[in-house]
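Derivation of every value follows stated rules applied to the coordinates shown; laboratory data play no part. Not measured: the values here are computed from a predicted model. Please note: Cβ atoms are built from the backbone with ideal geometry, for glycine as well, and neighbour counts cover all protein chains shown.
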Amino acid sequence: KTEGLYDKIYEILGLYGFENLEDRSRYLIENIVVNALDKLNVLLILDGFDEYPYSNKEKIVSELQSLSRKLKNARFILTSRTAEFPYSLVNTAKFEIAELNDTQIEKFAEGWLKDRNDSKIFTSQLFKSTYLDTARRPLTLIHLLIIFSKSKPKQIPSKPNMIYTKVVDLLIREWDEERNIYRHSKYSTFQ
């Protein structure tokens, strides 16, 4: 939680020797990390910037700026929700995951459901729904496919707000089943 990016990479690479020096060791650690990454020609994947604690984000952004300026051979990919990363880093390019088109949704549904008839029923319901635009995002599409595959009869919710209720319910139920837990509550029918 208090470590910076350079500290964590230094540790992961198994580098030791300068971590107990005073502030002047920062420069040494940064240079050792950059040299190691470049010599190894690393593709560093930094996943989930938006999930990092807010108290340390400015330090991480500063270190990302430094890393993007210093790396010559090595590269990094940083993932984050767009709204959570309003920064610009030198020597980098931004990419966003594109929405799925109708054909991609159909292929994805076929692959997920493994039954051509089920996938046709699913996509027919989806393309008639009022929330098709949100289903163009892969995570939401997966949620809908899970709900559809576990519901009897097979259908997607008619109201968008029911999607998240059903997803949470399914996840909790599966988690409980894995641990052989049965929950009886007077609130079980509360929506």
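The table for this structure:
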| read-out | value |
| --- | --- |
| D (Stokes-Einstein, µm²/s), Kirkwood Cα radius, region 14-148, 1.002 mPa s at 20 °C | 116 |
| Angstrom value of the Kirkwood radius, inverse mean 1/r, which spans all Cα pairs in region 105-155 | 10.6 |
| Dimensions in Å of region 93-134 - Rg and Dmax from alpha carbons | 12.1, 42 |
| Two-site label geometry, Lys8 and Lys159: point separation in nm, points 7 Å out along Cα→Cβ | 4.0 |
| Inter-label distance for Leu40 and Lys107, nm, one decimal - labels placed 7 Å from Cα along Cα-to-Cβ | 3.5 |
| Whichever lysines have a C-alpha closer than 26 Å to that of Lys57, once near sequence neighbours (fewer than 8 apart) are set aside | Lys1, Lys8, Lys70, Lys72, Lys94 |
| Spacing of the two label points (7 Å from each Cα toward its C-beta) at Arg26 and Asn117, in nm | 6.6 |
